[in-house]
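Input: a single structure, listed below in structure tokens.
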Amino acid sequence: MSVFHHRRRRGLAIVGAFAAATLVLGACGNSSDGDSNSNVSKSNTDNDKTGKKVVIGFSAPAADHGWMGAITKNAVAQAKEYKDITLKVAEGTNDVNLQISQVETFINDKVDAIVLLPFDGAAMTSVARKAMDAGIVVINVDREFDSPFAARSTVLGDNYGMGVSAGTYVCDDAKGDKGKIVAEIAGIDSLPLTQDRSRGFADALKKCGLKVNNRVAAEFTVESGEKAASNLLQAAPKIDYLWNHDDDQGVGVLAAIKNANRDEFTMIGGAGSADVMEAIKAGNSVLKATVVYPSTQAADGIKLARLLVQGKSMSDLSEIEVPRQLKLAAPVVTKDNVDTYLPSAFRS
């Protein structure tokens with residue numbers, strides 16, 4: 001995720017589909033259903049009814065990657081679903097100083113809430129805290145701030161969980177054969193998100209007696225994916241499973257595989273692009289699965305900002321406050337369930 005790859009300090013529990021993690025958002029009352037000793041709240045399903053007007057400022061990095069483009073597109077589409085939301089969208093930028101200026105403009109405009117996917121979480125912490133100190137609800141998306149005081153709530157993916165999902169898929173498919181050769185094409189190795197993904201993958205493989213036999217790193221781009229995959233295929237004459245961290249760089253990976261005339265292994269993608277899901281659905285000879293890294297995070301941030309400003313909570317929880325953090329799931333998409341996830345997938 002080029003500099004935009006700081007994007008996914010994304011981390012997540014793999015249990016269930018990510019759609020289940022984007023909980024139905026609703027207000028919670030304190031009804032006890034007639035039991036005066038009950039502490040269980042009763043959901044109020046009126047959350048989607050038009051309420052108090054909410055002005056939300058939104059800022060994210062430049063859409064120079066399919067996933068990042070989908071982040072902004074989904075946020076805008078979500079806001080349009082509510083008549084009581086006015087969304088002010090700042091131009092996407094990879095310039096930290098410009099993004100700081102955008103947030104300061106939102107503060108001066110006295111918006112009710114800011115949904116912010118920072119280009120650099122650490123660099124944006126101070127201005128986000130300034131917004132919170134001014135009484136503005138801040139929702140931090142994907143790349144975490146350095147201070148818990150800089151945001152009311154944070155919406156994250158799960159990089160470690162992506163690795164666990166990919167490794168678990170390999171283990172299940174290998175069916176106990178400890179002689180399988182496993183390869184990995186990572187993203188930028190210096191990024192925590194890449195390190196988390198690789199760690200989750202290795203940990204999951206250990207549980208079935210497998211390990212990563214061949215590993216190379218790319219840069220989340222098509223060109224780097226093709227180069228890294230070419231080097232890997234030359235160094236590894238036999239591969240049974242290949243996990244590629246990112247579906248955008250996976251376009252290059254697949255090109256290298258085709259050029260090398262290698263189709264003896266099973267490839268698992270990462271992030272969950274629509275192009276990859278369509279290839280899986282069509283029965284690609286190598287690509288059999290991908291692990292979702294939700295591009296709905298900012299859209300969830302928009303819904304949470306609205307709830308917080310309107311004093312509501314989440315209807316599927318007994319808790320009467322919006323949680324401080326939501327971590328979305330990293331499900332594996334295969335030919336068996338691709339139709340469930342394809343509608344919400346991003347385009348590379």
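The values are calculated or read from the model by the stated rules, or taken from the named source; none is laboratory data. A quick note: this is a predicted structure, and the numbers were derived from the prediction, not measured. Note that we place each Cβ from the backbone using ideal geometry, even for glycine, and neighbour counts take in every protein chain shown. Side chains included, ligands, DNA and RNA excluded: accessible areas come from the protein's heavy atoms. Shrake-Rupley method; radii C 1.70, N 1.55, O 1.52, S 1.80 Å.
Restricting attention to the stretch 138-152, the residues that are open to solvent by 50 Å² or more (accessible area, probe 1.4 Å), part of a helix (DSSP H, G or I) and in contact with a helix residue (DSSP H, G or I) (Cβ under 8 Å, 6 or more places away or on another chain) add up to 1. Among the residues of the stretch 12-27, is there at least one that is open to solvent by 70 Å² or more (accessible area, probe 1.4 Å), in contact with a helix residue (DSSP H, G or I) (Cβ under 8 Å, 6 or more places away or on another chain), modelled with pLDDT under 50 and outside any strand (DSSP E or B)? No, every residue in the stretch 12-27 fails to be open to solvent by 70 Å² or more (accessible area, probe 1.4 Å), in contact with a helix residue (DSSP H, G or I) (Cβ under 8 Å, 6 or more places away or on another chain), modelled with pLDDT under 50 and outside any strand (DSSP E or B). Where helices (runs of 4 or more DSSP H) sit wholly within the stretch 244-348, those with at least 1 residues that are modelled with pLDDT under 95 and surrounded by 22 or more Cβ atoms within 10 Å (Cβ to Cβ) occupy 247-259. Set side by side, the residues K80, K73, K110 differ, and just one is buried (at least 16 other Cβ atoms within 10 Å of the Cβ) and among the basic types (K, R), which is K73. Might you let me know whether the stretch 215-236 holds any residue that is open to solvent by 60 Å² or more (accessible area, probe 1.4 Å) and part of a strand (DSSP E or B)? Yes, that holds for at least one residue. A183 meets each of the listed conditions (1) surrounded by 18 or more Cβ atoms within 10 Å (Cβ to Cβ); (2) modelled with pLDDT under 95; (3) not acidic (D, E) apart from (2).
Residues in the stretch 268-325 that are among the basic types (K, R) and closer than 23 Å to G51 by Cβ were compared, and the one that is farthest from the chain's Cα centre (by Cα) is K312.
Remark: pairs (first residue in the stretch 165-188, farther than 22 Å from D246 by Cβ; second residue of a type in the set (G, A, S); Cβ separation under 7 Å; 6+ apart in sequence or on different chains) = K178/G209; K180/A174.
Among residues of the stretch 323-348 that are over 21 Å from S285 (Cβ atoms), those with a beta-carbon under 8 Å from a residue that is open to solvent by 100 Å² or more (accessible area, probe 1.4 Å) and not basic (K, R) at least six positions away or on a different chain give the pairs A329/V15. In the set V164, V155, only one residue is more than 29 Å from I114 (Cβ to Cβ), surrounded by 21 or more Cβ atoms within 10 Å (Cβ to Cβ) and not small (G, A, S); that residue is V164. Determine if the stretch 114-125 includes at least one residue that is crowded, with 24+ Cβ neighbours inside 10 Å and farther than 15 Å from P61 by Cα. No: zero hits.
Of the residues making up the stretch 172-188, none is farther than 18 Å from V291 by Cα, assigned to a helix (DSSP H, G or I) and aliphatic (A, V, I, L, M).
For the stretch 63-70, the count of residues that are touching a strand residue (DSSP E or B) at 6+ places or on another chain (Cβ under 7 Å) and of a type in the set (F, W, Y) is at least one. The one condition from (1) within 19 Å of the chain's Cα centre (by Cα); (2) in a helix (DSSP H, G or I); (3) among the aliphatic types (A, V, I, L, M) that V155 does not meet is (2).
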